[in-house]
Every structure is written in structure tokens, then in C-alpha cells.
Amino acid sequence: MTIKRRSFLQTAGGLTALSLGLNAWAPPVFKRRLLAGPAGGPKRLLFIFQRGGMDGINAVIPRGDAEYNTDNRPTLYVSEGEVENTPYGSLDLGNNFAQLHPRMYRMIDVFRAGHMAVVHRVGYRGQSRSHFDSQQYYENGTRDRNLEVGIFNRLIQESSTFQENSLPAIALSSSLPVAFRGLAPVPNFSNAPDFKLRGTDSQVAKYLGRKRDEGITGRGLLGIYTGEADDATKPYRGQMYRTGVALADAMKVIKDEGIDPETYVPHPDALYPSGSFGDKLKQAAQIFKSTDVQILGINKGGWDTHTNQGRAHNGLLYDMGRAFQAMATDLQDMWDDTLVISMTEFGRTSKENGSFGTDHAEATVMFIAGGNVNGGVYNCDETTWSDGDIFSTSNGRYLAHRTDFRSILTEIFEDHFGDNASVLDKVIPDRAALAAADPLGFTKLGLIKQA
């Protein structure tokens, strides 16, 4: 079968729901085999972005603040007390101040095992309350709304941890999130089984073909893109060829490993959420188990709860609780080398609005889980939270941040992935200036255990 580049581009519709998230400007640094090595392998990170702005005060309740009451939250107020094995009553987090929303009860055992850090009051100076702007800032690590290079892509480019990994990251999303955009090639797809060519195994193998090498004639898609560029004088032609190889490699590993949430058999005690979110989590677990992919990203939408928040938020929090429980259970054999983190673009108003919901505000909550996490509650106890702090911003309306989200990511990059200061300065621009302007926000919390 002879395949020309023009005909490949014209017949790309033969890819079932394939999103070409591979960035076309990839440097040729990703050479290592795709299949996973033995136990004790690479450090891994699952990143869940809660799009819409999560109400952190509802997720992790500051019970010790007297302003958390039925006057300020008439329909969203959660009663105190725990009823074992039921979703009723807030769940004590052990410091006589912070309590977990009852609908997140599935993940309480992860917290009680010491494998989860609950970090309240996360945000940044000059917090934007625009969805677009704040998501952009969280994902590119700066307050430059026009920067399209993501913080995880910069990490992949700069950190020696990833330099020889041919498939370091995947976004389980229909479009490539800003956090993964940049020079490093990162594929994105909503459903792994769709990231393939139609046809029988033999037809697909023939279409993918083999790479050109010394004394070996290339064939198929891999043969096209491992040859010399047909016009090397054209801009980015070499980069496009390398992207073609990365695309074919990603398709091949998904096919060879049989990544499919419908056929995947997780640990019997893993309680995955239902629906597409649960399917993506299952794919994430399977990819981590069977490949050397180190960073995976998943979106979880629906958090923009301006009206009738109670019921909607209950379902969202229930899914998040199950997500952390499922990943901790299903990935227990690699749990010491794995982190699961959640982020959202801002918190929500401390006072309930007239439509039984909340509006855009500032600080919120991050959850960080893993076998090497220093578990506990951060920024939500009597030493870090004064009475009335749910209205602690300068305008007296919102919860003010104590920890900058980039400080948390710095700890993860440094203490989980092992990156040094020179790498961190490239991954998080103006890190020193940011810390000088907000010393409390950049105070290290010690979220990751040290050897």
C-alpha cells in the first residue's frame, strides 16, 4: 500500500474522533521506549482541573469560623456531625476546625491514611474573577493572558526527568488544555479507543507501517515521517515530520496496550465515578499502569454554580470523592510515585446569593494525594484562620488567599519530580519576584515527604 502525505491529510477523517493535539513545534528530544519499566518507575502526576470555579468553603467547611452560618449560607450550610458510612453530616478532619463536605465521604479514608493534603485558601495576588483569565493564569503559571505555553509543557521541556521520554504527557480532553500547550508534543483525546485508525489489526499495522532506519526501507505513516523532509527549506517542515512520528507512536501504544475503559478491569475496591469522568479516570489508571506516561490531565466541568448550587454541587463533590478513592486504590502498587491533584480557577462568594448559589470570588481549595504526601489540613485551623476570615479580602466580601498556587506547584516540581532551582525559574517565570511580593503566599508548606 502506497501512502502519500497529501492523501493521508485528505483521509484523516478515517481517524475516529481523533484530536490532533500533538503540537507541531516539537524538538527531537523524546526518544525512549513507550512501554513501562519495572516497579519503582517514573514519578507520575494526574492533574484534574475543576472548570468553573469550585466553592472551597462548601467543599472544606471552616467550622471554626463563626461567620460560617445559616445567615450567610441559608441553603448551603452543612450541619455538623458525622454519621458513619452515610453522606449526611460534615466529616471531621482532625483539627477541630476544618470539616469535609459529606458528599466527599468516599475519600475520607485516603485522608485518614495520611495520604492527602487538603490545602485551603489557595489563589494568587490580584486574583481575577474572569473564568477565561484565571484559567489562563493557572494553566500558564503567569498573569499573562496571551501566553499560550502551559506550565506542564514548560516542565516537560526543561526538566531532565522527561527529556528521554517519547510520550511524557497526555491530556484526556477533546481539546488541548493551555497547561499542556507548547514545544513539547502532547497528544489529547477524549476516549482512548477512538485514538486509532479504522480497520482490522492487519490493515492498521500496514497503514502505520515502520520507521526508516539504516538499511531498512520505511513504510506507511511512520515511513513517511522518518524520511527526509520533501522541502527542508520550508518553515517548520522538520518539526512537522517529528510530530508525525509522535502521532503514530502515540496511536501505536494506545492500540498495543488496549487502553479502553469498557474492557479495563480495575482493582475490585476502586469506586470510580460513573459517566465520562469515571471513564477518563479509568483510562488514566490504565495508561499509568501500562506506559511510561508521567503527566495526565483531565477536565471536570460544572463548577460555575450561580443558581441552585446545593444539588449540583453535591453531585460534583461526590464524583471528586470517588475519583480520589478510586485512584488511590487502583494505583496502590505505584502510589508512592504518584500524585493526584485538583485545581480550579477561583473560589466563590462566602455569602450565598439570592438564587441559592454563589458567585465568582478568590481563594479556594486544592486536594493533593499520593503515597508520599504529608497528609493533613493546611491553612484551615485556628492558627491560620481568624474568626471572620471568610470575608478577609480588602473589600470584605471574599476569602483571601494565603498560599499561591504556584508555590504548591513549585513543591511538586521540586520534591516530587526532583527539579532544581534553575529549572524552576524557567518553568515558573519571575518566581523570585513573585515570592518577594508575596512572601506568605510562597512559604513552603512541606507537602511532599523528603527522603
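Read-outs throughout are calculated quantities, based only on the coordinates presented, and are distinct from any laboratory measurement. Note that the coordinates shown come from a computational prediction; the quantities given were computed from them, not determined experimentally. Cβ atoms come from the backbone with ideal geometry, glycine included; neighbour counts cover every protein chain shown.
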State the number of lysine pairs found in region 274-422 whose Cα atoms come within less than 24 Å, restricting to pairs 8 or more positions apart or on distinct chains. 4
So what are the ³J(HN,Hα) numbers for region 106-117, from phi and the Karplus equation (6.51, -1.76, 1.60; θ = phi - 60°), rounded to whole Hz, Gly and Pro as x? 5, 9, 5, 5, 5, 5, 5, 7, x, 9, 9, 9
In Å and from the alpha-carbon atoms only, list the Rg and Dmax of region 398-440. 11.1, 36
When the convex hull of its Cα atoms is projected in every direction, mean area for region 266-341 (nm²): 5.3
Please list, ordered by chain and number, the residues whose modelled amide H lies under 5 Å from the amide H of Asn165; skip anything fewer than 5 residues away on the same chain. Lys31, Arg32
What is the calculated FRET efficiency for Asp336 to Ala113, with r their C-beta to C-beta distance and R₀ = 22 Å, to the nearest 0.05? 0.95
Region 57-158 - charge dipole about Cα centre, Lys and Arg +1 at Cβ, Asp and Glu -1, debye rounded to 20: 220
What do you get when you divide the Cα radius of gyration of region 335-389 by 2.2 N^0.38 Å, with N the number of residues? 1.48
Expressed as a whole percent, how much of the Cα-Cα distance distribution for region 342-451 exceeds 25 Å? 30
Once the other residues with Cβ under 15 Å from the Cβ of Gln50 are scored (Lys, Arg +1; Asp, Glu -1), what is the net sum? +1
Sorted largest first, the Cα spans of region 86-182 on the principal axes come out in Å as 44, 35, 26
